[in-house]
Structures are given as C-alpha cells and as structure tokens.
1. Going by average Cβ density within 10 Å per residue, which order do the peptides 14-22, 85-93 take, highest to lowest?
2. Take every DSSP beta bridge with both residues inside the stretch 1-130 and express the antiparallel ones as a percent of the total, to the nearest 5.
3. For the chain, report the translational diffusion coefficient in µm²/s to the nearest whole number, using Stokes-Einstein at 10 °C, 1.306 mPa s, and a Kirkwood Rh over Cα pairs.
4. Can you name the helices of the chain, as whole DSSP H runs, whose Cα span along the helix axis is 15 Å or more and whose Kyte-Doolittle mean is not below -0.5?
5. Would you be so kind as to identify which of Val61, Pro13, Ser106 lies farthest towards the positive end of the dipole of the stretch 1-113, taking Lys and Arg as +1 and Asp and Glu as -1 on Cβ and the Cα centre as origin?
6. Using a simple charge model, +1 on the beta-carbon of Lys and Arg, -1 on the beta-carbon of Asp and Glu, nothing else, what dipole does the chain show about its Cα centre, in debye to the nearest 20?
Amino acid sequence: MTHAHHAGPGTRPLRVAEEIRHALAALFARGDFRDPELAEAHLTVTEVRTSPDLRHATVFVTRLGRADAAALLPALQRAAPFLRGVVARAVRLRYAPELHFQADTSLDNAMHIDALMHSPEVARDLEEEEERPGLRPGPAGA
C-alpha cells in the first residue's frame, strides 16, 4: 500500500545532510577551532552526503580562493570528534554520524575546463569544425 503524501525514502537523508552542512558551514565561517591550521583556513562546506542509516556523513569542503583543500584533510580528521559533537548538538539524531572529509574539486575542474575551452588550440579546432559543415549532423531529412 502506498501513501500519496510520502516523499520517498531519500528525503530524510537529504534533509539531515543539509542540516549537517549548515551546522558545519556556520562553524567554519566563525573559525572556532583550537587548531590554527583550521582557524585560518577559510573553509566552506559545499555538500554533505549521508549513508542511508545516517551513521556516516561525507563532508565535501573547499577553501575560498584557493585550490588546496586536500592539504587540510588530515587536520579535519583530527578535528572530527569535535566536529561530530557540534553536529550532534545542532542536528537531532539518535546517533551523531561519523564524519569523513573530502576535498570538493568540482569548482577547480570547472575552471580548468573553462580555461581549456578558451585556449588558442581549442578555439582553432572549433573554427575548423565550423569551416567543415559537411561533417556536422544537420536537420533530419537534409
């Protein structure tokens, strides 16, 4: 039997993940860390993914204006028990999730692709494509 108002099995993990992201992002914005490496890091949380049982959360972080967030992963793992306590107080759950940190490289990848697309070699190749109309797929029936 299905219920029309049921939003699906993935709703709660998504909502909890967003609450965790919000709690950690606020802490990182304040820079409330004993570890000077983290206090001065200017980290932001771009995404949190939780396991279906909510016992594990993967936290994706990036540094504002810098591409070296991965260098801070050891410091974040050292601070994980403290951060888990922050999450436990901010998010009402039976168990505070174990936090795992990863560097979010999606912005770095996008900037790299953008740079490639604007490079002279790619621009030349795109111009050559436009000069050879016979190789491009045209409208159906053409």
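Since every read-out is calculated from the coordinates, none of them should be taken as a lab result. Computed from a predicted structure; not experimentally measured. Backbone-built Cβ (ideal geometry, glycine too); neighbour counts: all protein chains shown.
1. Listed from highest to lowest mean packing, they are 14-22, 85-93.
2. The answer is about 55 percent antiparallel.
3. Diffusion coefficient, whole number: 87 µm²/s.
4. TM-like helix candidates: 11-30, 73-90, 106-117.
5. Positive-most Cα among the choices belongs to Pro13.
6. 1220 debye
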